[in-house]
Amino acid sequence: MGRTGTALACLAVMDGLPARAAVAYVREGYHRRAVEAPWQRRYVERFAATG
């Protein structure tokens with residue numbers, strides 16, 4: 001759930017989704033509590049910013 005969801009969200013960012021949309025996408029399709037910790041959401045946001 002935690003790290004896997006974060007990795008899936010980063011893959012969604014690589015596919016063109018903005019960070020928040022990527023997190024929402026993973027929560028809808030993988031697990032509702034994916035990317036659960038604040039540091040995980042920040043990681044996805046930073047990952048999107050480097051893109």
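Every read-out reported here was derived from the displayed coordinates using simple, explicitly stated rules and does not represent laboratory data. Values in this document were obtained by computation on a predicted structure and should not be read as measured data. Every residue, glycine among them, receives a Cβ derived from its backbone with ideal geometry; neighbour counts consider all protein chains shown.
Residue-by-condition table, conditions (1) in a helix (DSSP H, G or I); (2) β-branched (Val, Ile, Thr); (3) on the phi > 0 side of the Ramachandran plot; (4) surrounded by fewer than 16 Cβ atoms within 10 Å (Cβ to Cβ):
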{"position": "5", "(1), (2), (3), (4)": "yes, no, no, no"}
{"position": "9", "(1), (2), (3), (4)": "yes, no, no, no"}
{"position": "12", "(1), (2), (3), (4)": "yes, no, no, no"}
{"position": "22", "(1), (2), (3), (4)": "yes, no, no, no"}
{"position": "33", "(1), (2), (3), (4)": "no, no, no, yes"}
{"position": "43", "(1), (2), (3), (4)": "yes, no, no, no"}
{"position": "46", "(1), (2), (3), (4)": "yes, no, no, yes"}
{"position": "49", "(1), (2), (3), (4)": "yes, no, no, yes"}
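What are the pairs, 6+ residues apart or on separate chains, where a residue within segment 1-19 that is without any contact (Cβ under 8 Å) to a residue 12 or more places away in the chain has its Cβ under 7 Å from a residue that is in a helix (DSSP H, G or I) and crowded, with 17+ Cβ neighbours inside 10 Å?
17/25
Please work out which one of (1) touching a residue at least 24 places away in the same chain (Cβ under 8 Å); (2) out of contact with any Phe, Trp or Tyr (no Cβ under 7 Å at 6 or more places or on another chain) is the condition residue 39 fails and give its number.
(1)
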